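Trainee: Let me give you the structure first, and then I'll get to my questions.
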Amino acid sequence: MKHKEVIRKQKEKRLHRGIPIKSLRMILTFFVLFVMLVTVALTVVIYVVLELIAPKLVQYGTVTVVSILLASSALGTFLAAVVSKWFLSPLHDMIYATDKIAKGDFKVQLKENFDAASEVGILQRSFNHMARELDGIEMFRKDFINNFSHEFKTPIVSIRGFAHQLQAGGLTLEETQEYVDIIASESDRLAKMATNVLLLSKLENQRIVTDKQYFDLDEQLRTCLLLLEKQWTDKEIELELDLDSVAYCFNEDMLSEVWINLFGNAIKFTPSKGKVACTLRGNAEDVKVCISDTGKGMSEEEISHIFEKFYQGDRSHGGEGNGIGLTIVGRIVELCGGKIQVESRPDMGSVFTVTLPKIHHPDGDTRTLFMSSKKETTV
């Protein structure tokens, strides 16, 4: 191991061997000196050649020839300095802008004063695009930290406050039970938030979906609704299901997160004795699942933000969620290669339509989708 480390360090030394260049000004100086030396050398060569070819011209016009050659040398050196400075100016600007980026200023932009098709123009445009992306990521990071801190702090403050009340004593049995229930509820909320954040972090870094297998998608939808039975029975919500029998290939546990979140939101925002409906249609190309409700609906402004982390359009239900569920839904649908559409108007309910492409089994199973209409209504 030590021998390999020595070899690696020797290779690094060879790679970094050479004259250390500390600034663009030094590069420019070296370039000008190099041009000057080359020009002087060419002057001497031309003079020697002229002396061999036309000695009389050199004899009678030596001063003139030398003066012309020296003038051309000076002019060439001056032009080389100007051209090199112009050529290196984009690099100087790039170094300055990169230093600003390194210090956290992501709003810096380069002047795109070169042809867009040239190498320098492409470099400038790419740098500006990178800076804008970094600026967006930084704003997103700050918003995420602020929102997460707020959402995480709220239940902790609630738990601490009611715990202190229990410690102080002097409460009735009903008050004690109420405070214990609140503490338990807020603890569950914290646990769910932590679970969702970890899941979302995993999904955001995930590029390949594993453990794909065929399962009955219609049965999965029914199972997810049964998991939420307490919520919709407490509110006496009518369920209407119109499901084709569809065999679908994907990660079953991952896809169930989509339906649990969509059904959960539909039930949460639907008033008592309202209605939640679900339809499932499949063909040889794709699968469509529509989940609708008769709840409060959303404005266009809310729809444009619902897939953002910690966004909650209806703050009156803020204690019932953490604004991560739909972000998870959007990411899983993206990993499926599908899309999700939302139609909603205030006081008119909402319709979420998830379109999933047909995905073949990774082992080469190409069974076809079997479909037969089944309509069920549950009250």
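Every number in this text was worked out from the coordinates using simple rules, so none of it is lab data. Everything numeric here is computed off the predicted structure, so don't read it as measured data. Positions of Cβ are backbone-derived with ideal geometry, glycine not excepted, and every protein chain shown enters the neighbour counts.
Trainee: Take each of the peptides 132-139, 251-258, average the number of other beta-carbon atoms within 10 Å over its residues, and list them starting from the highest.
Mentor: Packing proxy ranking, top to bottom: 251-258, 132-139.
Trainee: Hey, got a sec? Which chymotrypsin sites (Phe, Trp or Tyr not before Pro) in the range 232-292 land in a DSSP loop and have at most 13 other Cβ atoms within 10 Å?
Mentor: Nothing satisfies the criteria.
Trainee: Would you grab the residues whose amide H sits under 5 Å from the one on G295? Only those 5+ places off in sequence or on another chain, please, with H modelled 1.01 Å from N.
Mentor: Amide H neighbours of G295, under 5 Å, 5+ apart: G349, S350.
Trainee: Still on this structure, please answer the following. For the cross-link pairs K268/K358; K192/K268; K212/K268; K192/K230; K142/K202, which exceed 22 Å when the distance is taken from alpha carbon to alpha carbon?
Mentor: Where the Cα-Cα span goes over 22 Å, the pairs concerned are K268/K358; K212/K268.
Trainee: Efficiency by 1/(1 + (r/R0)^6): what FRET value for Q177 and S299, r their Cβ-Cβ distance, R0 = 35 Å, to the nearest 0.05?
Mentor: The formula returns an efficiency of 0.35 here.
Trainee: Under a 5 Å amide H to amide H cut-off, with H placed in plane at 1.01 Å, what residues pair with E240 once short-range neighbours are removed?
Mentor: The answer is V276, A277, C278, T378.
Trainee: Which residues' amide hydrogens lie under 5 Å from the amide hydrogen of F250, considering only partners 5 or more residues apart or on another chain, with H built in the peptide plane?
Mentor: Amide H neighbours of F250, under 5 Å, 5+ apart: Q213, F215.
Trainee: Could I ask something else about it? Which of the peptides 283-292, 328-337 is most tightly packed, and how do the rest follow, judged by the mean count of other Cβ atoms within 10 Å per residue?
Mentor: So the peptides 283-292, 328-337, ranked by packing, come out 328-337, 283-292.
Trainee: Sort the range 156-237 into rounded, prolate or oblate with this rule: let a ≥ b ≥ c be the square roots of the eigenvalues of the Cα gyration tensor; rounded if a/c is under 1.5, and if a/c is not under 1.5, prolate when a/b is larger than b/c, oblate otherwise.
Mentor: oblate
Trainee: Tabulate in residue order the Karplus-calculated ³J(HN,Hα) for the range 178-187, using 6.51 cos²θ - 1.76 cosθ + 1.60 with θ = phi - 60°, rounded to whole Hz; enter x for Gly and Pro.
Mentor: Per-residue couplings from phi come out as 5, 5, 5, 5, 5, 4, 5, 5, 5, 5 Hz.
Trainee: Then there is this: If you put +1 on each Lys and Arg Cβ and -1 on each Asp and Glu Cβ, how big is the dipole of the range 137-269 around its Cα centre, in Debye rounded to 20?
Mentor: 840
Trainee: Still on this model: Which whole-Hz ³J(HN,Hα) couplings does the range 342-356 yield from phi under the Karplus relation 6.51 cos²θ - 1.76 cosθ + 1.60, θ = phi - 60°, glycine and proline marked x?
Mentor: Result, ordered by residue: 10, 10, 6, 9, x, 6, 10, x, 9, 10, 9, 10, 9, 10, 10 Hz.
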